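Before any comments, here is the structure.
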Amino acid sequence: MYNGSMRAARQRARARVAGALLVALLAACGPTEPSEPRTPAEPTPTSPTPDAGPAQPPAPPSPTVEAPPTEEVLLARDVAHLEALLAGNLPENVEPRTLFLVDLLDEAACNARATTLRASLGRAPPPVDAGMPMDAGVPLVDAGTLVDAALALPDGALLAGAHPEAGVPPDGGAGTADAGASAPAGGADAGPHPDGGAPIVDAGAPEEASEEAREPEASADATPEADASTIDALRRRRDELRLAFLELPPGERRALLRAVEVDRALSRRAAEARAAEIEAEEERRVAEAERAEAELRAAAAATLAEQRREARRAEVAAVRAAVAEALAIAAAARAEDAESERERAARVHRIEARLREELAPERAAALYDELVALLVAMRRDLRAALDATAEPLPSLERDAEDAPDVAAEVAAARASRAEALATLDRLAWEHVEALAEALHDGNDIRLTLLERLPSVRADALQTLLHDEGRAQLRRELSQLELMSRYAVRHVRRTAPGWPAAILALGREPRSRRDLFALFALLGVVVFAFRRRLAFVDALEETSTQRIDSRRMRRVAQAWFARLRVGAGPLILLAGSGVAFALVLDIRHTAEVELLRTLVLAFLAYRLFVRLLHHELTRGPVRRIGGRRIRVRAPTARSQRVLFDVRRVGRYFFALVVTLGAAQRVVGEGTLYAQLVRVFVLVGLVLAYVLLRRWRDDIARAFAESHPDSRLGSRLADASGLRLDALAAVAAVELGVRRALEALRTFVVRFAAGRRAMAMLSRRRLEQRQAAEPEAEEPPEPREKPQLAEAFPLGPAPLESCLDRFPELDAITELVRRVSEGGRGAAVALVGEAGAGKTTWLRALVDRTEARTWCLEAPPAAHDQSILCRWLSEQLELPETESPARLAQEIEEAELRGLICVDAGENLFLRCIGGTEGFRALGEIVGRTQEQLVWVCAFSANGWRYLRAAEAGQSLFGRVVSLEGWSEEEIADLVERRMRKLGLRADFGALLDTGSTPGTALAGPARQRALERTREEFFRLLWDATDGNPRLVAHFWLRSLQRDEETGDLRVRLFEAPSPSELEALHDESRFLLAAVVVHEDLSAGEAALVLRWPIARCAALLDVLAARGFLMEEEERPGRFRISVQWFRAILRHLRRRRLLPPA
């Protein structure tokens, strides 16, 4: 079949057949030799003695009765089989499961059985990371005999029935029905069931009864009972071997079982090949005889037609003989290949078994050399198998002149020839597949063994400067070439059968469901890919409408812009990942794995290119007309960036695919290490090329951002290689700065991060301001009256406010429905002082066309009678002091519309009976909200108190909370009002003037610095005010100063109150401040009721706190005090730290 080796195999096959024929001829002609040598005194049963008379018929042989094996023999057999299993060469007639009372594939059962054996042997559990116990005394390699196992037997006697040079008993392990089992009387393990069937699942129960039931019966010819100490030693040895196997890591245990299966498969393959060889030789002999007979008949034919007919039959017989001879030669070669493969597999397994031991580096090096030599032989055989070409078989053509019987013989011979060609091809491919699989497994073991080599040897194998490294690289390249050829041939052989395989899978119920899911997924992916932009736009619109924070809305818009750019590759990437997972679940093949890697890597490359190009061409954010607009890069520059991004993406695509293929084929060995070095070198070259293309842009960008730096001046004067080196340094610095800015942008998305950044910003601004010479007293702006009017500390005009009124549209719709006859509602508007509650109510009234009443609760409204008289007066109803009567009057008057009640904190006092006014209003609201919409504004701290006092129950079914403004909203509010005044505030006074005295930023660098300083200032303003608009207006006015030279307004760092002054207060002052915060404003009499202090004491303390600036007396209502704007935020934070106020 094959070239030189096949011819030699053909000659050996002919010699074996000739020898078999000669033996058969001699056996037919001569007497049968006795199977055992006999002494001269023993006459043969078939010949008479010299003195005998006529020959008598031989007596029938007596039946042979085998004695049942003794316990010693069964235990010895078990021990030998267990040692053979650990060595990976278990006899073919012994199943591994019959050696244990547990399912070896059930990890939980194996652990339970190991625990039972460990207890019977008196051993402690092994460490968690331990593999096989080192003190078990179990040889893992070549432990095939009891003598080699160093089993201590009494008097050193050898066990009966055990051979010292075989791992199995002399019968080859075939024995009785109990083969592979033992029958100990009291051992820890009972072996298999006597019928040799399924394994018994061990539950950890005592086994004495079952083992006594299997005790072998004594017979007249049985061997005398062995010594008890010998039996005990055998039992212990058997249990040690069982425990050693069960304590192996699951992967190693499965590898041992797989090695046994491989050995048996190769053995069966060799036996089948020998049987096929004998059958083919018999077919060849018959065909040769028929050919010779046909030639004789053709020579003796009387007519030309008969001569032609017999000659045709001789030709058919010659073809059959040639086909049979080729099959016989191929079968003989396959049998020899199976035997050699079996021997190699055993050697590889022995080396793998040694890896479970603690190997010295020198011993590991010796095993590595042995394995490398074995792999070299495997590669040589695989190359020969891949290069081998089948010898052509003689062809037989059809002839129209053939007689019908001859034509039938020709058709049968042609079919036999085609079947033989297919068989020869199958046998050759089986040989190639077996070699390739063995080579792959052996290389994996080599990589594992490589980690245990001495460091000097391992380094020598990883570098090309050493002979060993170069030799190993040649070997790995040879393996890469062979495995690539094997993979290509495998695809060419299996590809024509893929459609049929898919149709076959479609007939199976489970595969049919998976195929349906796969095609449905492909349809969804195609539909989503075609409609991706519409989906992204709809998702962006829905998401941004649900986000109230302007900052988070901008963040979401930025991410949706990225999603819009990468939606196509992202959909294909996700769909391909799920599709390949389904395909691999249906049919897991190496081809599908390779295709999956290539497709996913290519789609990831496409996604990488699009996203990176988008990020690099986004451009900075500019404020144009008070709006933040992101400037995109020019088209020419965008094309340049796209070209280089694609170049970088292709580099990483090649890196991933090449390293992945190398790792899959030859592992992370010498070739992998050299490929990594090559890609590192190529990456450096690519980086230098990109640096050369962009060095002028880098130098220009660095000069704009650092005009006074030494590196910037050197970049301006450099050229050639010096410019390349300086541009690299500048690029690294710019990259670090951009990374820090990106990190800062990410950090400020969280409140804690923004506060930390605000603290750092204050320190930087204070350092910059301290570096300037101090003026005697900063002049006030000439526009102070206009500024005070634009930034009032009370409610601002609606035209100067931002459109930031949460849920205003929904409440307006409620009022409209009530005016048309619908049902009303009760709404609580909650916010701290200065949050914009009054402005929100004015906006609601301004947008409402229905009848409205905008009221402000009087200071004494906590009294029920005062509240009812005041409310009846405001609604122009008969005066009453009863809430029920007032509600009835409202119903009878058929009032419909909106009633807004501001200053809701005046409806209660934090004292006994102080919530009568609030409860009275609640009763009125509950009776009249069928025809009215009630909107009551409460301070945030007062609302928390009311919720706690009323146990969380309230008639207000809807609560609108006014939260603090974000940095961007504060900046928009300030700049909008400044533009309305026609003024511009300059942040240049807060800029860092540079590292060199007398220099300053200019051009785009100054613009970027001003933008960063502006962001830092407004972040600091947000941190000092928590987004309270009233506090923002106060501190903004305090930060504006007039430049004496230019007369323009410039921004300076405002001074926040010092918390140390609050720490010096005594507890009575803190209690009074907390009461004022809860009620927003208090008089001395109300404070006396709340704190239960004398009124004179409260009045004196209020005056003291007002004198120190913590409180301020209201101008419109003298005698009432509230927290001053300057100290509002500091006092709230101080009281919360002191646990005098609940957390926000």
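Each reported figure results from applying straightforward, stated rules to the coordinates on display, with no laboratory input. These numbers were taken from a predicted model, which means no experiment stands behind them. Using ideal geometry, Cβ is built from the backbone for each residue, glycine included, and neighbour counts are taken over all protein chains shown.
Place a point 7 Å from the Cα of residue 119 along the Cα-to-Cβ direction; which residues of the stretch 95-112 have their backbone N under 13 Å from it?
Inside the label zone: 112.
Taking the Cβ of each residue in 605, 688 as the centre, tally the other Cβ atoms inside 10 Å and list the residues starting with the fewest. Let's see the in-between values first.
Numbers: 605 21, 688 12.
Listing 605, 688 from fewest to most nearby Cβ atoms yields 688, 605.
So for the stretch 1059-1137, taking the charge dipole from beta-carbon charges (+1 Lys/Arg, -1 Asp/Glu), which of 1060, 1124, 1087 sits furthest toward the positive end?
Of the listed residues, the answer is 1060.
Jot down the per residue volume, in cubic angstrom and as a whole number, of the convex hull over the alpha-carbon atoms of the stretch 390-455. Before the final figure, lay out the partial values.
Values: hull volume 4.6 nm³, N = 66.
For the stretch 390-455, the hull spanned by Cα atoms encloses 70 Å³ per residue.
Please report the relative contact order for the stretch 508-666, taking Cα pairs under 8 Å with a sequence separation of at least 6, and give it as a percent rounded to a whole number. Spell out each step's value before the answer.
Numbers: 109 pairs, mean separation 31.2, N = 159.
The normalised contact order for the stretch 508-666 reaches 20 percent.
What do the square roots of 5 times the Cα gyration tensor eigenvalues come to for the stretch 668-747, in whole Å, largest first, as semi-axes of the equivalent ellipsoid? Before the final figure, lay out the partial values.
Values: eigenvalues 178, 76, 14 Å².
Ellipsoid semi-axes (Å, largest first): 30, 19, 8.
So what's the Cα pair-distance distribution over the stretch 849-914, bin width 10 Å, in %?
Reading the bins upward from 0: 21, 50, 25, 4, 0.
Provide the descending list of Cα extents for the stretch 341-393 along its principal axes, expressed in whole angstroms.
Extents along the principal axes: 55, 17, 10 Å.
Relative contact order of the stretch 1062-1143, please, whole-number percent, based on alpha carbon pairs below 8 angstrom and at least 6 residues apart. Please list the in-between numbers first.
Numbers: 83 pairs, mean separation 24.9, N = 82.
It comes to 30 percent, rounded to a whole number.
Give the Debye-formula value of log10 I(q)/I(0) at each listed q (0.12, 0.14, 0.18 Å⁻¹), with one equal scatterer per alpha carbon of the stretch 822-955, two decimals each.
-0.42, -0.59, -1.00
How large is the Kirkwood hydrodynamic radius of the stretch 231-365, in angstrom, based on all distinct alpha carbon pairs? Mind dumping the intermediate values first?
On the way: mean 1/r = 0.0508 Å⁻¹.
Taking the inverse mean of 1/r over all distinct Cα pairs, the stretch 231-365 comes out at 19.7 Å.
Nearest 20 debye, what's the magnitude of the dipole of the stretch 787-886 about its Cα centre given +1 on Lys and Arg Cβ and -1 on Asp and Glu Cβ?
Values: 10 positive and 16 negative charges, 53 e Å.
That gives a dipole near 260 debye.
Please state, to two decimals, what the Cα-based radius of gyration of the stretch 508-666 comes to when divided by 2.2 N^0.38 Å (N = residues).
Ratio of Rg to 2.2 N^0.38 Å for the stretch 508-666: 1.32.
Could you list, bin by bin from short to long, the percent of Cα-Cα pairs of the stretch 425-574 in 10 Å steps?
For the stretch 425-574, the binned pair fractions read 9, 18, 16, 17, 19, 17, 4, 0 percent.
Are there GluC sites (Glu not before Pro) in the stretch 369-465 that DSSP puts in a loop and that have at most 15 other Cβ atoms within 10 Å, and which ones? Can you show the working numbers first?
Values: sites: 370, 397, 401, 409, 419, 430, 433, 437, 451; in loops: 397, 401, 451.
Answer in residue order: 397, 401, 451.
Can you give me the Cα centroid spacing of the stretch 932-947 and the stretch 1008-1087 in angstrom?
Using only Cα atoms to place each centre, the spacing works out to 26 Å.
Can you give the Kirkwood hydrodynamic radius for the stretch 540-612, in Å, rounded to one decimal and based on Cα pairs? Please report the intermediate quantities before stating the final value.
Working: mean 1/r = 0.0701 Å⁻¹.
So the Kirkwood estimate lands at 14.3 Å.
Report the one residue of 329, 318, 355 whose Cα lies farthest in the direction of the positive end of the charge dipole of the stretch 261-392 (charges on C-beta: Lys and Arg +1, Asp and Glu -1; origin at the Cα centre).
Checking the options against the dipole of the stretch 261-392, the answer is 318.
Measuring from a point 7 Å past the Cα of residue 849 along Cα-to-C-beta, which residues in the stretch 878-899 have an amide N at less than 19 Å?
896-899
Using Cα-only point scatterers and the Debye equation, what is log10 of I(q)/I(0) for the stretch 1059-1137 at each q in 0.20, 0.27 Å⁻¹, rounded to two decimals?
Rounded to two decimals, the profile gives -0.81, -1.49.
Inverting the mean 1/r over all pairs of different Cα atoms, compute the Kirkwood radius of the stretch 281-499 and quote it in Å.
Working: mean 1/r = 0.0469 Å⁻¹.
Over the stretch 281-499, the inverse of the mean reciprocal pair distance is 21.3 Å.
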